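Peer 1: Okay, here's the structure, questions in a sec.
Rule-based calculations on the coordinates, nothing more; no lab input. Please read all numbers here as calculations on a predicted model, not as lab measurements.
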Amino acid sequence: GESVGLHLPTLSVQEGDNSIINCAYSNSASDYFIWYKQESGKGPQFIIDIRSNMDKRQGQRVTVLLNKTVKHLSLQIAATQPGDSAVYFCAENAGGTSYGKLTFGQGTILTVHP
Amino acid sequence: NAGVTQTPKFQVLKTGQSMTLQCAQDMNHEYMSWYRQDPGMGLRLIHYSVGAGITDQGEVPNGYNVSRSTTEDFPLRLLSAAPSQTSVYFCASTRANTDTQYFGPGTRLTVL
């Protein structure tokens, strides 16, 4: 079946550095992608999303880049802080409205050292 | 708004027992979904609903039943719990014709 996967399962950075978390997807029909942050013992929290008609979208300290040619998206976190330590998931729909169905990647553990 | 709420937060069952995981949302979202999360893995879709009275299977539906009698509530039933159903369960809701899902805090279920 279609799936979303991550290149790096763990990432360790120093406080203040920029972090880049990568995600590969395989469903070329997907037209919506979303990044979630999950802290220990909590549910996933929305960070940022992007539609396939865009290649870049910026939020507060976060940027998502989408490369449809190679089916790759990334999450960039500027000036990473200890509070950013969490598991980050990318997810995709299967094209069109998701109707509440998203396919999630494995997740990347981000650890920020003070 | 409370958002998406789930009860209980923790539950321990014996093999063969049944139980219902509760999920409610107060955002008037049309779509609701249930996922399970196992260690080292992403979320996998169990069942979803696009509106009251309409449900459908996701990737891993076996052993679970759902119903959607109201827009607000989407309970997940385990008819005969098995150790393989030990997991963390997340409920999510989505506004119609959008894709952003909002998640509840999860229910940690252990089946002995």
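Peer 1: What whole-number distance in Å separates the alpha-carbon centres of the stretch B:87-110 and the stretch B:1-68?
Peer 2: 7 Å
Peer 1: Output the antiparallel fraction of DSSP beta bridges having both residues in chain A, as a percent to the nearest 5.
Peer 2: Around 85 percent of the beta bridges assigned by DSSP in chain A are antiparallel ones.
Peer 1: Explain nothing, just the number: relative contact order of chain A, from Cα pairs under 8 Å at least 6 residues apart, as a whole percent.
Peer 2: 37 percent
Peer 1: Restricting to Cα pairs below 8 Å that are 6+ residues apart, what does the relative contact order work out to for chain B? Please round to a whole percent.
Peer 2: Here the relative contact order equals 36 percent.
Peer 1: Going through the cross-link list A:Lys42/A:Lys68; A:Lys37/B:Lys14; A:Lys37/A:Lys71, which pairs have a Cα-Cα distance over 24 Å in this structure?
Peer 2: As for pairs spanning more than 24 Å Cα to Cα, those are A:Lys42/A:Lys68; A:Lys37/B:Lys14.
Peer 1: How many times 2.2 N^0.38 Å is the alpha carbon radius of gyration of the stretch B:47-111?
Peer 2: Rg over 2.2 N^0.38 Å, computed on Cα atoms: 1.16.
Peer 1: Through the Karplus equation 6.51 cos²θ - 1.76 cosθ + 1.60, θ set to phi - 60°, convert the phi angles of the stretch A:107-114 into ³J(HN,Hα) values in whole Hz; use x for Gly and Pro.
Peer 2: Calculated HN-Hα couplings, in order: x, 10, 8, 9, 10, 10, 8, x Hz.
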